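J.: The following block contains the structure, expressed as structure tokens.
Where a number appears in this text, it was derived from the coordinates with a stated rule and is not lab data. These figures come from a predicted structure and were not determined experimentally. Every residue, glycine as well, gets a Cβ built from its backbone with ideal geometry; the counts of neighbours run over all protein chains shown.
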Amino acid sequence: MMQIYPEVLIRSILGPGRSNTRPFAYAVYITAERLFVQHMTIDELLFTKDIYCAVAKRLGGHPDSITRQIERVAGRCREKLCKEGLSRRYLGRAGGGSCSPHMLIICFAVYAYLGTPFYEALSLYPELFAGRPPRGAHVAAAPRFCAPGPEGGSPAP
């Protein structure tokens, strides 16, 4: 399975720039961990109460400001996906302009973890989204990518 650093994934869409993508990248990382390591279902994900608070704690920010930063970057990604016709590549279907920030985080988490767009992964690996490990899967198989580091440059070990 191909695995991609969430921050690299986001920068591959947005390009180099000044915006702080770290909160969004870390939300993608936490979501991938919840889905594929902890085997939570998509319906069990609590973005405001769990994921955004975990990002705020990790990065030392207030949950409200972190939430706004995440939603701003999600909006920029959504615009870029639509404008440049990249929705099919990263989401698995055209028309990603209607994705909520939460859904975009889920789609990017799936792409970062599996290297497959979300809507394709749903049909290829339905057991991964059922909230339990697939038959014969070893639960200890955690992702090999790291969360973005708190100070910038390098990812945390």
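J.: Can you list residue pairs whose Cβ atoms sit under 7 Å apart, with the first residue in region 86-114 being closer than 17 Å to P23 by Cβ and the second being polar (S, T, N, Q)? Count only pairs 6 or more apart in sequence or on different chains.
T.: I105/T31; I106/T31; A109/T31; A112/Q3
J.: Taking the criterion of being of a type in the set (F, W, Y) and either farther than 21 Å from I4 by Cα or touching a Leu at 6+ places or on another chain (Cβ under 6 Å) (or both), would at least one residue in region 35-42 satisfy it?
T.: no
J.: Can you pull out every residue in region 37-58 that is buried (at least 22 other Cβ atoms within 10 Å of the Cβ) and either of a type in the set (V, I, T) or closer than 16 Å to Y111 by Cβ (or both)?
T.: If the condition is that a residue be buried (at least 22 other Cβ atoms within 10 Å of the Cβ) and either of a type in the set (V, I, T) or closer than 16 Å to Y111 by Cβ (or both), then I51, V55 are the ones that fit.
J.: For region 5-26, give me each residue that is farther than 21 Å from F47 by Cβ and either of a type in the set (V, I, T) or touching a Leu at 6+ places or on another chain (Cβ under 8 Å) (or both).
T.: Matches in region 5-26: V8 only.
J.: Select the helices (runs of 4 or more DSSP H) contained entirely in region 1-71, then report the ones holding at least 3 residues which are within 24 Å of G85 (Cβ to Cβ) and β-branched (V, I, T).
T.: So the answer is 6-14.
J.: Can you find even one residue in region 116-131 that is under 15 Å from Y29 (Cβ atoms), of a type in the set (V, I, T) and either in a helix (DSSP H, G or I) or out of contact with any Asp or Glu (no Cβ under 7 Å at 6 or more places or on another chain) (or both)?
T.: no
J.: Separate question: Among all residue pairs at least 6 apart or on different chains, which show Cβ distances below 6 Å where the first residue, located in region 61-72, is at positive phi and the second is hydroxyl-bearing (S, T, Y) and surrounded by 15 or more Cβ atoms within 10 Å (Cβ to Cβ)?
T.: none
J.: Show the residue pairs that are 6+ apart or on different chains and have beta-carbon atoms under 6 Å apart, the first residue being within region 9-32 and closer than 14 Å to A56 by Cα, the second being among the aromatic types (F, W, Y) and not in a loop (DSSP other than H, G, I, E, B).
T.: V28/F108
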